[in-house]
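Only one structure is covered here, and it is reproduced in the block below.
The values are calculated or read from the model by the stated rules, or taken from the named source; none is laboratory data. Because the structure is predicted, anything quoted here is derived from the model rather than measured. Every residue, glycine among them, receives a Cβ derived from its backbone with ideal geometry; neighbour counts consider all protein chains shown.
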Amino acid sequence: MLDFQAGNESAFDELVLAHQGMAFAVLRRVIGPNATIEDLAQEAFIRVYRARESYVPKGKFSTWFYRILFNLGLNEIRRNKRKPLYSMPKNDEGVEVEHVDHAAEAPSQGTHDADWSDLVGAALAKIPENQRCALVLQHYEGLDLTQIAEVLSISTKATKSLLHRARESMRHILAPQRDAEND
């Protein structure tokens, strides 16, 4: 970013190439599978471009960029009025029902992992936005408490508490599936 700020136009292209995969992944985890992910990623890079003159390196570029991505993602969630990212199929009366594939004999481990991945994604969509962001940063992006605190603009102690609440929320949401699997 400093090279770009100094006038090296190709440095911006390098920034985009280096961070576009991360941008798509973060946005997908924050807002779920959504057609607006490409638009939001593009908007994030437009904001980076526009910040060329005003950018002040207070930490790592990636931390600053995560903040842009999360702000865009959270704004998108709010714009969509928190509609669920995933929903269960509904019967004729409009009541959600669990889909059971009776044709499958014994699911393979790969199928089992994919099912849990879908369940975790759905559970992640149900927890509060700040908890979701903290979990995504820690478990998917590999940031430590200090880095997460910086991205979310909260203290390290608050980050630790937020992550604990997020894990408890996930545990509560996923408990019925885990219990059913253990039966």
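Annotations for the structure displayed:
- Qualifying positions in segment 30-53 - at pLDDT below 90 and among the aliphatic types (A, V, I, L, M): V30, I31, A35
- Residues of segment 130-146 that are in contact with a Lys or Arg (Cβ under 8 Å, 6 or more places away or on another chain) and more than 21 Å from I77 (Cβ to Cβ): L145 alone.
- Verdict on R67 being modelled with pLDDT of 60 or more and either surrounded by 10 or more Cβ atoms within 10 Å (Cβ to Cβ) or under 20 Å from S169 (Cβ atoms) (or both): yes
- Selected residue (only one of S117, S153 is closer than 25 Å to H19 by Cα, small (G, A, S) and modelled with pLDDT under 85): S117
- Being surrounded by fewer than 16 Cβ atoms within 10 Å (Cβ to Cβ), modelled with pLDDT under 95 and in contact with a helix residue (DSSP H, G or I) (Cβ under 7 Å, 6 or more places away or on another chain) is a property that P57 has.
- Filter result (more than 19 Å from F70 (Cα to Cα) and surrounded by 17 or more Cβ atoms within 10 Å (Cβ to Cβ)) within segment 2-42: F4, F12
- Test for R67: is it in the same structural domain as F12 (by TED's automatic domain parsing) and either on the phi > 0 side of the Ramachandran plot or without any contact (Cβ under 8 Å) to a residue 12 or more places away in the chain (or both): no
- Restricting attention to segment 147-173, the residues being touching a residue at least 12 places away in the same chain (Cβ under 8 Å) and either surrounded by fewer than 17 Cβ atoms within 10 Å (Cβ to Cβ) or not in a helix (DSSP H, G or I) (or both) number 4.
- Filter pass, E76 being modelled with pLDDT of 60 or more, under 21 Å from A134 (Cβ atoms) and of a type in the set (D, E): yes
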